[in-house]
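Chemist: First the structure, which I've put down as structure tokens, then a few questions once you've had a look.
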Amino acid sequence: MEYKNYINNKWVDANDGQTFDVENPYTEETIAQVTSEMEMMNVETFGPIIPIQKVKNLDEAIELANTSQYGLGCNIYTNDMEKALTAADDIKAGSFWINDPLTDNEAAPFGGMKMSGGGRELGIEGLDEFRESKHILIDYQIREKDYWFTYDLDEGEKT
């Protein structure tokens, strides 16, 4: 899927031909002036692009994130831990990074929400994906138990 072409040190929008200057060659994968209606904001691109969309406030950011049918991961950068934890609690994403994108921990579960995942890998939750629980009860004495039939079939009442 191609969103922009990089030609002569400029990004060229594949849809309307609008160009964007690029001053730093290391920011080629960053695309600013993005809106939530653009295709790249409504599919899982898996990079190497970084679409940036301006929002009015945290509530709008949470609403836009949750409007997506996907929810693999989310990053937030802030010095306000109360806002960061509010976003982490409210945004439906399988992983949530605060001020440290894409750091993994093998002991933590990894997987998405909504259309971004079917289960977890890593951590105890990942192990649970490979297990199927079963209840097994064993009585080593083969004999009639008085609690098997607690109703008197002739009288129709509990004994």
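The values are calculated or read from the model by the stated rules, or taken from the named source; none is laboratory data. Since this is a predicted model, take the numbers as computed values, not measurements. Ideal geometry is used to build each Cβ from the backbone, glycine not excepted, and the neighbour counts take in all protein chains shown.
Chemist: Would you mind stating whether VAL34 is modelled with pLDDT of 85 or more, in a loop (DSSP other than H, G, I, E, B) and among the hydrophobic types (A, V, I, L, M, F, W, C)?
Modeler: Working: modelled with pLDDT of 85 or more: no; in a loop (DSSP other than H, G, I, E, B): yes; among the hydrophobic types (A, V, I, L, M, F, W, C): yes.
For VAL34, the condition - modelled with pLDDT of 85 or more, in a loop (DSSP other than H, G, I, E, B) and among the hydrophobic types (A, V, I, L, M, F, W, C) - is not met.
Chemist: When the residues of segment 33-61 are narrowed to those that are touching a Ser or Thr at 6+ places or on another chain (Cβ under 8 Å) and of a type in the set (A, V, I, L, M), which ends up surrounded by the fewest Cβ atoms within 10 Å (Cβ to Cβ)?
Modeler: Residue satisfying both the conditions and the ranking: ILE52.
Chemist: For segment 42-71, which residues satisfy the criterion of being outside any helix (DSSP H, G or I), out of contact with any Lys or Arg (no Cβ under 9 Å at 6 or more places or on another chain) and closer than 24 Å to GLY119 by Cβ?
Modeler: Residues of segment 42-71 outside any helix (DSSP H, G or I): 42-57, 68-71.
From what's left, out of contact with any Lys or Arg (no Cβ under 9 Å at 6 or more places or on another chain): 42-48, 50-57.
ASN42, VAL43, GLU44, THR45, PHE46, GLY47, listed by residue number.
Chemist: Looking only at residues in segment 74-132 that are in a strand (DSSP E or B) and modelled with pLDDT under 85, which one is surrounded by the most Cβ atoms within 10 Å (Cβ to Cβ)?
Modeler: From segment 74-132, those in a strand (DSSP E or B) are 74-76, 95-98, 110, 113-114, 121; that's our starting set.
This time we only want the ones that are modelled with pLDDT under 85, so: 110, 113-114, 121.
Details: PHE110: 19, MET113: 16, LYS114: 14, GLU121: 14.
Only one residue fits best here, namely PHE110.
Chemist: Here is a follow-up. Which of the residues that make up segment 45-90 are more than 21 Å from ILE31 (Cβ to Cβ), under 18 Å from the mean Cα position of the chain (by Cα) and among the aliphatic types (A, V, I, L, M)?
Modeler: Once the filter is applied, which keeps residues that are more than 21 Å from ILE31 (Cβ to Cβ), under 18 Å from the mean Cα position of the chain (by Cα) and among the aliphatic types (A, V, I, L, M), segment 45-90 yields ILE62, ALA84, LEU85, ALA87, ALA88.
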